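A short worksheet on the structure shown next.
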Amino acid sequence: MHTQAYPISITGIHTARFYDTLRKGYQAVEDELTHHIAMRGTMPEETHSVIYRQLLERMKQFLVREEIVKNIVVTVGRSVLAQRLANTTTYTGIINYGVLGSSATAVANSDTQLGTEVFRKVVASSSYTTNVAFIDFLYSKADTNGTYQEFGTVIDGTGSANTGQLFTHALTGGWTKTSSESMTVSTQYTIN
């Protein structure tokens with residue numbers, strides 16, 4: 001008996017959007033978005049996600065630029081998923097931090113952390129549709145500023161650098177966030 005193999009893959013993209021925080025009306029929208037993010041966990045995730053997306057839509061009027069990069073799902077990240085499928089519960093499998101770094105070293109399947117992590121932020125919103133997961137992060141103008149050469153997502157991290165299991169890693173080509181900008185990073189993972 002011959003069986004056909006169907007390859008499974010996880011592809012991901014990260015979309016960074018930069019917003020002008022000095023424009024009239026911006027701060028009110030960011031304040032509302034930040035308040036909503038702080039309320040995450042007090043309502044069903046689906047409800048939170050819908051409201052979050054509506055607020056992001058309102059922020060588009062302040063959009064300065066958008067940059068999209070592809071990532072790799074590193075071996076340790078794929079291993080967490082395999083462990084969960086086999087009922088090994090060491091890790092939850094939940095991405096909870098988006099991490100920014102300054103290293104421009106090429107990413108590799110064997111990466112276990114960013115080259116040089118400089119800032120991390122907890123998830124702002126997460127949702128899924130069928131085989132696609134959407135996970136978003138908000139970096140306010142006060143959070144961090146600089147040029148970030150790399151971005152990654154982390155499973156079961158803490159607020160400390162280099163904690164948790166790296167899930168994805170990407171070179172950004174130099175996302176530059178100034179002190180007058182906020183930035184959202186929307187990640188999308190498709191399991192084929």
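The values are calculated or read from the model by the stated rules, or taken from the named source; none is laboratory data. Computed from a predicted structure; not experimentally measured. Note that each Cβ is placed from the backbone with ideal geometry, even for glycine, and that neighbours are counted across all protein chains shown. Just the protein is used for accessible areas: all its heavy atoms, side chains included, with ligands, DNA and RNA removed. Shrake-Rupley method; radii C 1.70, N 1.55, O 1.52, S 1.80 Å.
Overview of results
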read-out: Residue in segment 19-38 that is touching a helix residue (DSSP H, G or I) at 6+ places or on another chain (Cβ under 7 Å), open to solvent by 50 Å² or more (accessible area, probe 1.4 Å) and either free of Cβ contacts under 8 Å to residues at least 24 places away in the same chain or assigned to a helix (DSSP H, G or I) (or both) present; value: yes
read-out: Pair list, Cβ < 6 Å and 6+ apart or interchain, from segment 54-68 residues that are without any contact (Cβ under 8 Å) to a residue 60 or more places away in the chain to residues that are outside any helix (DSSP H, G or I) and open to solvent by 90 Å² or more (accessible area, probe 1.4 Å); value: Phe62/Arg23
read-out: Segment 173-192 residues that are farther than 19 Å from Val118 by Cα and modelled with pLDDT under 95, paired with ones that are open to solvent by 60 Å² or more (accessible area, probe 1.4 Å) and assigned to a loop (DSSP other than H, G, I, E, B) (beta carbon under 6 Å, 6 or more apart); value: Ile191/Asn131
read-out: Those strands (runs of 3 or more DSSP E) lying entirely in segment 88-187 with at least 3 residues open to solvent by less than 40 Å² (accessible area, probe 1.4 Å); value: 95-101, 125-129, 132-139, 146-155, 165-177
read-out: Matching residues, segment 39-86, being of a type in the set (Lys, Arg) and either at pLDDT 95 or above or assigned to a helix (DSSP H, G or I) (or both); value: Arg53, Arg58, Lys60, Arg65, Arg78, Arg84
